[in-house]
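Read the structure below first, then the notes.
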Amino acid sequence: SGPLSVGDFAKLLRKEASEVIRKLIALGIMATINQEIDVETMSVISEEFGVPLKYEEEVDESNFDDQEEIDDPKDLVERPPVVTIMGHVDHGKTTLLDKIRQSKVTEGEAGGITQHIGAYQVEINEKKITFLDTPGHAAFTTMRARGAKVTDITILVVAADDGVMPQTIEAINHAKAAEVPIIVAVNKMDKPESNPDRVKQQLTEHGLVPEEWGGETIFVPVSALKGEGIDDLLEMVLLVSEVQELKANPSKRARGVVIEAELDKGRGAVATVLVQNGTLKVGDGVVAGNYFGKIRAMVNDRGRRVKVATPSTPVEILGLSDVPGAGDPLMVFEDEKKGRAIAEKRLFKQREEDRGANSRVTLDDLFKQI
Ligand code: GTP
Ligand code: MG
């Protein structure tokens, strides 16, 4: 650990050398501009200026979780597929999502009122399907950027009257990059000017060849507006997910991902999370992004309180100390202390990053100057 001159140190802090000298004198150290001061002194001075000197420290999370990553095959059970809907502007994504939810979720529910959370489940032939009600692009980009693979299947909505458009292609690229299978919903079939063959031909040029043309891509004609073809579409989703043999281990501590989160006036930080593996329980100590919390309550996509959430289930959780970001990982900690520690470390790192490289002084920076 090498020393630095008062002058160089001042430059690093973006302060006048005279200011640094004044602080040094206040500490009883008589110094000139060319005098060298040691790291400890630098640390005290930078603290005085409100720019704490920190050792660059990587957040090492490798041994924070003592739970086995690899599941024993005998613990694995089938889990519902997680589906996102993507497609070009105005091709009918929202209408389709709404129709799927209406036709399946609100069936038989008092008043038909469904709580809006960022993800929901529907049931068809006694099998569940989880839909992420976020713009598909966000689910791919933000979450993938953080290393979270969230979706199992993409439904690509293409309006039959409009055909393949720029965002259609973008969606294909996202799904391909994430190695997520695509089911094409050829929408707006009710429109007289709809031309599904043109859609098939255009998509073939992008590597999505319909089964009836000798390819492997499933195309389902639908009218989101009229609710036609929805059941066929959902059946195809189940067919594709069966081939994927999606499994998870519900008998361990949960891991998942934050779908969306906000600060609620009455309830505090509320996060919609998707459980990806394990079972999430009320009372669990969790770290979501940079924050720790003990789950105080969980609410499912029907607005009902639940005590547990199994793999592929979306739930709202209450009890986090602050609002995590969409795409942040969620992890349950048996040891609360570890959970708190890791959240603190992450938050610290985040703050460092937010402050930006210019106002952050690290030991590394200091020694680069020498
Ligand atoms: P963005 O969120 O803006 O990208 O659009 P979107 O893909 O969610 O499309 P949205 O569901 O908002 O539908 C756009 C327009 O197309 C609306 O006016 C819908 O009523 C209409 N629309 C959606 N599906 C159908 C359909 O099957 N048939 C017809 N005729 N109109 C549809
Ligand atoms: Mg929309």
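Side notes on the structure shown:
- Test: residue in the stretch 79-89 that is assigned to a helix (DSSP H, G or I), farther than 13 Å from Ala185 by Cα, more than 11 Å from ligand 2 (Cβ to nearest atom) and at pLDDT 90 or above: no
- Top-ranked residue of the stretch 158-176 - restricted to ones that are assigned to a loop (DSSP other than H, G, I, E, B) and of a type in the set (Gly, Ala, Ser), ranked as nearest to ligand 1 (Cβ to nearest atom): Ala160
- Failed item in (1) within 16 Å of ligand 1 (Cβ to nearest atom); (2) modelled with pLDDT of 75 or more, with Thr134 passing the rest: (2)
- When residues of the stretch 160-186 are limited to those that are in contact with a Gly (Cβ under 9 Å, 6 or more places away or on another chain), among the hydrophobic types (A, V, I, L, M, F, W, C) and surrounded by fewer than 24 Cβ atoms within 10 Å (Cβ to Cβ), the one modelled with the lowest pLDDT: Ala175
- When residues of the stretch 266-282 are limited to those that are more than 22 Å from Arg346 (Cα to Cα) and open to solvent by 10 Å² or more (accessible area, probe 1.4 Å), the one farthest from the chain's Cα centre (by Cα): Gly266
- In the stretch 51-64, the count of residues that are within 16 Å of ligand 2 (Cβ to nearest atom), modelled with pLDDT under 90 and out of contact with any Phe, Trp or Tyr (no Cβ under 7 Å at 6 or more places or on another chain) is zero.
- Subset tally (residues that are over 17 Å from Ala175 (Cα atoms) and in a loop (DSSP other than H, G, I, E, B)) for the stretch 202-219: 2
- Checking each residue in the stretch 184-209 for being over 14 Å from Met165 (Cβ atoms), away from ligand 1 (no atom under 14 Å from the Cβ) and in contact (Cβ under 8 Å) with a residue 24 or more places away in the chain picks out Gly207, Leu208.
- Some residue of the stretch 218-238 being open to solvent by 40 Å² or more (accessible area, probe 1.4 Å), within 16 Å of ligand 2 (Cβ to nearest atom) and on the phi > 0 side of the Ramachandran plot: no
- Of the set (1) within 18 Å of Asp90 (Cβ to Cβ); (2) part of a loop (DSSP other than H, G, I, E, B), all apply to Glu179 but (1).
- Of all residues in the stretch 1-22, those that are open to solvent by 60 Å² or more (accessible area, probe 1.4 Å), closer than 15 Å to Glu47 by Cα and at pLDDT 90 or above total 2.
- On the stretch given as the stretch 292-315, residues that are in contact with a Pro (Cβ under 8 Å, 6 or more places away or on another chain) and surrounded by fewer than 22 Cβ atoms within 10 Å (Cβ to Cβ) total 2.
- Each residue in the stretch 98-122 was checked for being modelled with pLDDT under 90 and either open to solvent by 10 Å² or more (accessible area, probe 1.4 Å) or over 23 Å from Gly325 (Cβ atoms) (or both), and 17 pass.
The values are calculated or read from the model by the stated rules, or taken from the named source; none is laboratory data. Remember, predicted model here, so these are calculated numbers, not experimental data. Don't worry about glycine lacking a Cβ; one is built from the backbone with ideal geometry, like all the others, and counts go over all protein chains shown. Only protein heavy atoms, including side chains, enter the accessible area calculation; ligands, DNA and RNA are left aside. Shrake-Rupley method; radii C 1.70, N 1.55, O 1.52, S 1.80 Å.
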